[in-house]
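Below is one structure, written out as structure tokens, with a few remarks after it.
Just so you know, all these numbers are worked out from the coordinates, no wet-lab data involved. All values derive from a computational prediction rather than experimental measurement. All Cβ positions, glycine included, derive from the backbone under ideal geometry; neighbour counts span all protein chains shown.
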Amino acid sequence: MEGGRGAASGPILRTEGLTMRFGGLTAVNKVSIAIPRGEIRAIIGPNGAGKSTFFNCLTGVLQPTSGRIFLNGEDVAGLPPNKVSHKGLARSYQITNILPGASVLENVRIAAQSRRHAWNMVRNRFSFPDVMDRARAVLDSVGLREQEDELAANLSHGAQRNLEIGIALATEPQLLCLDEPTAGMSVSETRTTVELVRRIAKDLTVVIVEHDMEVVMGLAKTITVLHYGEVLAEGTPAQIQANPRVQEVYLKT
Amino acid sequence: MLTLDNIHTYYGKSHILHGVSIEVRAGEVVGLLGRNGVGKSTTLKTVMGLVRPSDGSITFEGREIGGMAAHHVAHLGIAWVPEDRRIFRLLSVMENLRTGLDRPGVTEARRTELLDKVYASFPVLAERRNQAGGTLSGGEQQMLAIARAMMLEPKIILLDEPTEGLMPRMVSQIREIIDLLHRDGVAILLVEQNVPLTLEASDRVYIMEKGVVRHHAPAADLRANHAVIHQFLGV
Amino acid sequence: MGLPLEQIIIQTINGLVNGMILALVASGLTLIFGIMDVVNFAHGELVMLGAFVGATTLGVTGNFWLALMAATLAIAAFGAILQVSTLRPLLGRDPLTTILATFGISLVLQKYALWQWGPSARKLQEPITGQFSLFYLQYPWYRIATALISAAIIGALYLFLRYGKYGIWIRAAMQDRVMAQAMGIPVPSLHIGVFAIGAGMAAASGVLFGPLAGVTQNIGADFTLRAFIVVVVGGMGNLGGSILASIFISLLEAYASLIVSPSQAVIVSFVALILTLLFRPTGLFVPTPK
């Protein structure tokens, strides 16, 4: 089910010379990274470094100009988001993608059902107990089980972002991509989300784009630093913090 | 002159400013530093009246301006130079300047004076005065955005990341312009990610993180002590 | 019947004349959309009201030009009131809200016109009688006059936008409403002004159109429809584009009515609309943005 499908060895995600050009602007320039299975990888970089563009290429939102993206050994570069999702990659968005008129449980159930019984339109939704169990289990891991009957629109901003993560999780991904999951959150909401990510990362691989350095340093096993669309440095949090070129780029000294 | 007191701002449900308090005195250059996404631009937009604060107060020269419409805020003497410049691309350089110049109470003589002054400080704009704004280079557009704000004869300019995306040569030109404005007695609230420039140009500096002000010191102190900068802005 | 070439020339002139009147209607509509993102489904009704007010004033004073001025000013003022009372509170809401609101207004105005002026058609007496020989036809001078007057009004609008102080404000607000406000430009007042100008121009075209056909409370719908086609084909918010598109669409219809009946000729306009949306959605006469 999770983690073990496909090539058991080898990185779960590998990019080779990934490049994205918009007219005259090269936003991502020949980026090659490899993310081992089960890791939490953070992608950071100052404003304009190309993090979002890179992320959008990974998740199928953008079609890269050139280069390859190997997910479990299969080249998925250029595939649309729904196909990429079927290959085991799920993503959360910066603008919340929840269904505000549905309950918290419904939001997650729909996502879970899309993975397991997507084409079965005839049977009543309650006749898929495995989907309901799965949905509840996801709510447990994102800490929203108590609010399962609450209307998604009534949740606080932080809880909505966490529901987002739950929706992505419900599609049973092997690789979870989080796009600035703590943006707009207060300090306490941020801490909750960090704990949440730590919990769920035990069973899958997580790639996270973030600006909040505390979150990054606290969560990531390895950090990739992008600058002007290229990989500037890669290493453990301690190595990155000690890297003078990275400090230079952030502080422009 | 300008005081923000415990300002809270939301974008929809997203709570961006969690109680920001900042002060800018007449003629001061105040720097506002912080990583991406901490709410620096939102702070400027809230002052300008482009976003309504949900709590807290903003006073300018003793008058409450929180929630006031942007064009009234501009008339009070606050000018905004946004992060993406927002030049009126289809208007000529001259017409861009006129959007600030064509106000009630400006005599013909004063108009000429202001234009001459701006063309002297920005000769490249004089050269291109009839060219469409959209044809200018990035650096020239930044000059135009600042010149356009100066046409309002403001008491304070809200400068949002003026050096972003500019070459080093242009960065030092921006530095000169900030000094020029400072000499003229115009206060500046300078949002920047370029730390050295900000520390050099500012009198005092606020550092924001996650929607609040985390540190506040005279620029001189921060120039001498880098640890704080590294803590909030570094990696 | 005359030779096909003669017919084509006649239809070209007809197309140009109709195109200029349509341009008067469409330019107001595209300006309104450009500055406040309002899709004004009641625009045709402003044309209709203008025609009725013009007819009434003409009946009272006997002076066509006075009627033209009175209708233009009256409907411009009405437009200002309409904007402040009904449309301003809806600013910033989703587009469907303004579409529904202006659609509702158009229904109200139609019924009001019916109540005020009754169901029978009004005919305005053309101010310039007299015709000239055009091949096998006697072509009315008045039709040429409407084209010239429309062109003059549009020309004045162009000069106002290009060189006037408020023209710069309007063009700035059309490009970037937020930045215009931050420069101290009173955008809410501009909205009132532009709506009034658009309404006034619509009323003028109604009065000019009056002598060419009967005026009933239903004539608005045709104008709204064609004006929308023009605004889309010409590029929304693009004044020059809407003028070119008005002429283009009117010529198309004029030529088409050589082959089919005039009421069927409107199909070519729809075809043009669909093709534009499919292939050049920003407008036929607008360079494709990079």
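Label-to-label distance for C:Arg162 and C:Asn218 is 4.2 nm, based on points extended 7 Å past Cα in the beta-carbon direction.
Inter-chain neighbour count for B:191-198: the average number of beta-carbon atoms from partner chains within 10 Å of each residue's beta-carbon is 2. Taken over the alpha carbons of the stretch B:114-233 as equal point scatterers, the Debye sum produces base-10 log I(q)/I(0) values at 0.17 Å⁻¹ of -0.90. Here each label is just a point 7 Å from Cα along the line to Cβ, and for C:Ile99 and B:Asp221 those points are 5.7 nm apart. Start at zero, step by 10 Å, and the Cα-Cα distances of chain C spread as 7, 28, 36, 22, 7, 1, 0 percent across the bins. Charge tally for C:Val215 (other residues, Cβ to Cβ under 9 Å; Lys, Arg +1; Asp, Glu -1): +2.
What number comes out for the charge environment of B:Lys40, summing +1 per Lys or Arg and -1 per Asp or Glu over other residues with Cβ under 11 Å away?
Details: positive: B:Arg35, B:Lys45; negative: B:Glu83, B:Asp160, B:Glu161, B:Glu192, B:Glu209.
Its environment carries a net charge of -3.
Averaged over every viewing direction, what's the projected area of the C-alpha convex hull for the protein assembly as shown? Give it in nm², one decimal, please.
40.4
Determine, at each q value in 0.19, 0.24 (inverse angstroms), the log₁₀ of I(q)/I(0) that the Debye formula gives when each Cα of the stretch C:184-246 is one equal point scatterer. Log-scaled intensity ratios, in q order: -0.88, -1.12.
What does the net charge come to around C:Gln181 if you take all other residues with beta carbon closer than 12 Å to its beta carbon, with K and R at +1 and D and E at -1? Local charge sum for C:Gln181: +2. In straight-distance terms, cross-link reach from A:Lys83 covers every one of the lysines whose alpha-carbon lies under 24 Å from its own, apart from those fewer than eight places away in the same chain; here that gives A:Lys30, A:Lys51. With the alpha-carbon atoms of the stretch A:17-101 aligned to their principal axes, the span from lowest to highest coordinate is 42, 29, 24 Å, starting with the largest. Using C-alpha pairs below 8 Å separated by at least 6 residues, the relative contact order for the stretch B:52-172 is 39 percent. Given R0 = 25 Å, the distance between the Cβ atoms of B:Ala132 and A:Ser66 translates into a calculated FRET efficiency of 0.15.
Which value at 222 nm does the protein assembly as shown reach when only helices count, each DSSP H run of 4 or more adding -39,500 (n - 2.57), with the total divided by all residues and rounded to the nearest 500 deg cm²/dmol?
One gets -16000 deg cm²/dmol as the mean residue ellipticity at 222 nm.
Stokes-Einstein diffusion coefficient for the stretch B:13-107 at 20 °C in a medium of 1.002 mPa s, Rh from the Kirkwood formula over Cα pairs: what value in µm²/s? The calculation lands on 140 µm²/s.
For chain B, take the longest principal axis of its alpha carbons; what is the angle in degrees between that and the long axis of helix B:168-183, to the nearest 10 within 0 to 90? Rounded to the nearest ten degrees, it is 90. For chain A, the pair-distance distribution built from all alpha carbon pairs, in bins 10 Å wide starting at 0, is 7, 30, 35, 20, 6, 1, 0 percent. Relative contact order of the stretch C:25-220, taken over Cα pairs closer than 8 Å and 6 or more residues apart, is 45 percent. Computed from backbone phi with θ = phi - 60° and the Karplus coefficients 6.51, -1.76 and 1.60, the 3J(HN,Hα) list for the stretch B:136-143 is 7, 6, x, x, 5, 5, 5, 4 Hz; x is used for glycine and proline.
Out of the GluC sites (Glu not before Pro) in the stretch A:1-88, which ones are loop residues according to DSSP with at most 12 other C-beta atoms within 10 Å?
The qualifying sites are A:Glu2.
The stretch A:6-65 and the stretch C:203-225 have their alpha-carbon centroids 59 Å apart. Partners of C:Lys111 within straight-line reach, counting lysines whose Cα lies under 28 Å from its Cα and excluding those fewer than 8 residues away in the same chain: C:Lys123. The H on the amide N of B:Leu32, modeled in the peptide plane, is under 5 Å from the matching H of B:Leu190, B:Val191, B:Glu192, B:Tyr206, each at least 5 residues off or on a different chain.
Say R0 is 25 Å: what FRET efficiency, to the nearest 0.05, do A:Asn82 and C:Asp37 get from their beta-carbon distance? The calculated FRET efficiency here is 0.20.
Normalised by the number of residues in the stretch C:131-290, the average gap of Cα pairs under 8 Å and 6 or more apart makes the relative contact order 15 percent. For A:Gly45, the residues whose amide H sits under 5 Å from its own are A:Leu226, ignoring neighbours fewer than 5 places away on the same chain, with H placed 1.01 Å from N. Annotation note: trypsin sites (Lys or Arg not before Pro) in the stretch C:64-158 located in DSSP loop regions with a Cβ neighbour count of at most 10 within 10 Å are C:Arg93. Could you give the angle, 0 to 90 degrees to the nearest 10, between helix C:165-175's Cα long axis and the longest principal axis of the Cα atoms of chain C? Result, in degrees: 80. For chain B, lysine pairs separated by 8 or more sequence positions, or belonging to different chains, with Cα-Cα distances below 30 Å total 10. Residues in the stretch C:256-268 carry Karplus couplings, in order, of 4, 6, 6, 9, 10, 6, x, 6, 8, 4, 5, 4, 4 Hz; the curve used is 6.51 cos²θ - 1.76 cosθ + 1.60 with θ = phi - 60°, and Gly or Pro positions show x.
Here the simple spin-label model places points 7 Å from the Cα toward Cβ, and for C:Ile144 and B:Glu64 these points are separated by 6.8 nm. Quick one: in the stretch C:136-193, what % of C-alpha pairs are over 13 Å apart? Within the stretch C:136-193, distances greater than 13 Å cover 67 percent of Cα pairs. Given R0 = 35 Å, the distance between the Cβ atoms of B:Val228 and B:Val106 translates into a calculated FRET efficiency of 0.20. Per residue, the convex hull spanned by the alpha carbons of the stretch A:174-218 comes to 62 Å³.
Counting only DSSP beta bridges whose two residues both lie in the protein assembly as shown, roughly 60 percent are antiparallel. Around the amide H of A:Leu13, modelled in the peptide plane, lie the amide H atoms of A:Ile35, A:Asn72, all under 5 Å away and 5 or more residues distant in sequence or on another chain.
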